[in-house]
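*Asks:* To start, I am sharing the structure in question, which I have written as structure tokens.
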Amino acid sequence: MTIYSGRARSAYDFIMLSLSRLVQAVVRENLYMAVQRFFTIILFLFLLVLIANMIGMIPYGFTITGSFMVTFFLALSHFAAINHIAFYKHA
């Protein structure tokens, strides 16, 4: 038994497929073909920021990306991971 069925599932699939194709088109235009394997990370970050900011549009809501520490942690963790992978792969 599925949670979503019928129209709700179709709408969810359509929205996720459209967002995935949008991000994939942007990634394909701006990055090399070898970087396509990191598409899921880029899609996750895009959806995280999009959904967090959409929640912040609700009156009296709080957006997590407005907090300096959350934004700093996301940037620092990805910076460290990318440098670690690059050092491991090329050194």
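The values are calculated or read from the model by the stated rules, or taken from the named source; none is laboratory data. These numbers were taken from a predicted model, which means no experiment stands behind them. Virtual Cβ from ideal backbone geometry, glycine too; neighbours counted across all protein chains shown.
*Asks:* Of the residues in segment 62-88, how many are surrounded by fewer than 10 Cβ atoms within 10 Å (Cβ to Cβ) and either in a loop (DSSP other than H, G, I, E, B) or of a type in the set (A, V, I, L, M, F, W, C) (or both)?
*Replies:* Adding up the residues that qualify gives 3.
*Asks:* Look through Leu50, Leu43 and report the one residue that is at pLDDT 85 or above, part of a helix (DSSP H, G or I) and either loosely packed, with under 11 Cβ neighbours inside 10 Å or of a type outside the set (Asp, Glu) (or both).
*Replies:* Leu50
*Asks:* Here's another thing I want to ask about it. Looking at Tyr4, Tyr60, Tyr88, which one is among the aromatic types (Phe, Trp, Tyr) and modelled with pLDDT under 80?
*Replies:* Tyr4 is the lone residue from the list that is among the aromatic types (Phe, Trp, Tyr) and modelled with pLDDT under 80.
*Asks:* Would a scan of segment 76-83 turn up a residue that is hydrophobic (A, V, I, L, M, F, W, C), within 29 Å of Arg28 (Cβ to Cβ) and more than 17 Å from the chain's Cα centre (by Cα)?
*Replies:* yes
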